[in-house]
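The block underneath contains the structure these notes are about, expressed in structure tokens.
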Ligand SMILES: Cc1cc2nc3c(=O)[nH]c(=O)nc-3n(C[C@H](O)[C@H](O)[C@H](O)COP(=O)(O)O)c2cc1C
């Protein structure tokens, strides 16, 4: 394991060794074992709160993570639905994570307004994830501790504007006074060094980590990510303004047809986008069906490796990148 090379506002805020966050992976992909591996390797990981059949299972997962990390800080991802009552649904999860002394939360989806006071009162650090800097300003006003900005290349939800990560990495630290984390297509240390040079405080990764040895998903999925170069990634659901970057498969093709036909009725999308299909794919390794979040960073996922080995590579590459820059200075 590499010693601390980079100290930023995010390493200080979260008490972590490296400015590397691994975003929540759903449905129930980033479990206690994976998140503990991320934390033990010196980063911050997030167990996805959504998708647990009941409160006890969620609580149990948090306890397992606490045990596997030997009591170190770890995080939970909370999805805030834009539909009425979305924030209410996560309040039960919040009660549990406060009880279980979770250190930080990655919020995503709708505005975190309804949940920030609860979390802050309990001393939990809140990082709100947005797909465009314009939304980060609102999160700052709500009192979050930092913002995560993901660009168009990201696996998952790149937002309706689909602005690239390199643009947002340069923009976000200029506009946002709080600690900034940049994601979307990140998988190397040279990108980490570049993002820090632009004024950000950390990176967040999702797709790059799908090949982590500690992730429970079927080995065939990991093999597919290793073989992929990112060109298998496609944005679907644009017709319903819920842009989603996923692996191009049968379901994605069917949804693209609906997008082309400008269908706006969700019921027509439902059979192709149900979370159960993706979960099934992660269990069986058959990736033909389901929305499997998948971004361009697959190009950097060249082998199945332990989280710590992935982090070591990233830190070494960041150090090389910084040396290259220093050598250019006249
Ligand atoms: C397989 C997978 C599942 C994901 N699931 C979620 C999720 O449930 N909630 C969430 O907020 N983000 C989710 N994301 C997004 C990641 O947390 C992270 O923001 C994103 O992957 C960063 O971009 P990258 O994929 O280019 O590294 C997922 C990403 C992947 C690759």
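Summary of values
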| item | result |
| --- | --- |
| Cα-based Kirkwood hydrodynamic radius, the range 10-124, one decimal, Å | 14.0 |
| Two-decimal log10 I(q)/I(0) for the range 139-191, as the Debye equation yields it once each C-alpha is a single scatterer, q = 0.17, 0.31 Å⁻¹ | -0.53, -1.22 |
| Gaussian network model of the chain, springs between alpha carbon atoms under 10 Å - residue of 27, 53, 117 with greatest fluctuation | 53 |
| Exposure proxy ranking, count of Cβ atoms within 10 Å, fewest first, for 34, 294 | 34, 294 |
| Order by protection proxy (mean Cβ within 10 Å, highest first), peptides 100-110, 16-26, 2-12 | 16-26, 100-110, 2-12 |
| Euclidean distance of C-alpha centroids, the range 238-313 and the range 134-181, integer Å | 22 |
| Stretchable slack from residue 266 to residue 175, in nm (0.36 nm times residue separation minus alpha-carbon distance) | 29.2 nm |
| Rg to Rh quotient for the range 217-330, alpha carbon positions, Kirkwood Rh | 1.14 |
| Stretchable slack from residue 329 to residue 56, in nm (0.36 nm times residue separation minus alpha-carbon distance) | 92.6 nm |
| Antiparallel bridge percentage (DSSP; both residues within the chain; nearest 5) | 15 |
| Cα-based convex hull volume of the chain per residue, rounded to whole Å³ | 127 |
| Inverse of mean 1/r across different Cα pairs in the range 54-211, Kirkwood, Å | 16.2 |
| Ellipticity estimate at 222 nm from DSSP helix runs (n ≥ 4, -39,500 (n - 2.57)) divided over the chain, nearest 500 | -12500 deg cm²/dmol |
| Relative contact order (percent, whole number), the chain, Cα cutoff 8 Å, 6+ residue spacing | 16 |
| Stretchable slack from residue 137 to residue 229, in nm (0.36 nm times residue separation minus alpha-carbon distance) | 29.7 nm |
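Where a number appears in this text, it was derived from the coordinates with a stated rule and is not lab data. The shown structure was predicted, so the numbers you read here are calculated from the model rather than taken from an experiment. As a convention, Cβ positions derive from the backbone with ideal geometry for all residues, glycine included, and neighbour counts pool all protein chains shown.
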